[in-house]
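Novice: Quick one: structure below, then a few questions.
Each reported figure results from applying straightforward, stated rules to the coordinates on display, with no laboratory input. Predicted model only: the values in this text are computed from it and were never measured. All Cβ positions, even for glycine, are placed from backbone atoms using ideal geometry, and neighbour counts span all protein chains on display.
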Amino acid sequence: MYVGLAWHFWNTRWRARTPTEAQKVGLRGWERTAILVPLGLHGWLLYHGVFGKELRFGFAQALSVMMFIGVALYWVESLYYNLEGMQPLVLPLAGLAAPLPGLFAGRSIPDSSPEFKLHLTLAMIAYSLFIMALLHAALMALVERRLHQRSASFPGNLPPLLTVEHSLFRVIAIAFVFLTLTLATGMALTDAMFGRLLRFNHETVFAILSWATFAGLLLGRYAYGWRGRTALRWTIAGFVLVLLANIGTAFVLEVVLKRT
């Protein structure tokens, strides 16, 4: 269903050479409802797959949860801002991520305390927002390309560059707040379990580096007016570090080292 909707939006948004009625009014009623159908099914599968008889989580569950939240965030954000052109980016990724927990069972999590669940929830929201930030950056790059190459064959009609740029930094700022809360709750859990705030392993190092990268990007934006390709490069670098801190670690443990 995700992929079918992505095909529909690609045909009606990206392939059109002149603004269509759909592009002028945003999501139509049936389109907005249609997105909720796979989103609801996706959420139901995640709930039973992750919080079933035991708490199981891994890179597949993380990616699936991140894209579920990503689609939900897009749906809500589209109520207030012009995000036409985002659908063919976010929906196919959700379609790829949704079946992953069925292929990779993940690891059993013995610590299911409320504090750990809060930390996990904050982390998933933060990472989902960073995925949306990356997609906003990709859309911004496409809009910029359209402005510089009027004869380019794709995409057809996209939102104004400033609209996408403002939306990008709004999402990054919110994601940075959740990432900060994730690190804070993680340090509290580490202190309670091991008697120290930080365990200096590769996961901690990448998490701190990602926090510093996005802090630098926001500082550069509001102090020096960074935008365009500079913002795109910093967003990609920060997102890669976020992936290495969480998804990359889980992938190595589950798939490479076979530790479940």
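Novice: Once you put a point 7 Å from the Cα of H48 and another 7 Å from the Cα of I109, both along the Cβ direction, what distance in nm separates them?
Specialist: Taking the two extended label points, one gets 2.0 nm.
Novice: Whole-Å semi-axes of the stretch 2-256's equivalent ellipsoid, largest first, each the root of 5 times a Cα gyration tensor eigenvalue? Walk me through the intermediate numbers first.
Specialist: Numbers: eigenvalues 214, 107, 40 Å².
The equivalent ellipsoid of the stretch 2-256 has semi-axes of 33, 23, 14 Å.
Novice: Run the simple label-point estimate for F194 and R145 please: 7 Å along Cα→C-beta, distance reported in nm.
Specialist: 4.2 nm
Novice: Please list, in order, the residues from the stretch 65-95 whose amide nitrogen is less than 11 Å from a point placed 7 Å along the Cα→Cβ vector of H8.
Specialist: none
Novice: Which distance in nm do the two modelled labels at V37 and I174 give, with both placed 7 Å along the Cα-to-Cβ direction?
Specialist: 2.7 nm
Novice: Right, here's the next one. Please work out the FRET efficiency for the pair V76 and A215, using the Cβ-Cβ distance as r and a Förster radius of 30 Å; give the result to the nearest 0.05.
Specialist: On the way: r = 26 Å, r/R0 = 0.86.
E(calc), rounded to 0.05, equals 0.70.
Novice: May I ask you to compute the full-extension gain from N201 to L118, defined as 0.36 nm times their residue separation minus their alpha-carbon distance, rounded to one decimal in nm?
Specialist: Values: separation 83, 0.36 × 83 = 29.88 nm, distance 2.19 nm.
Difference between extended and current length: 27.7 nm.
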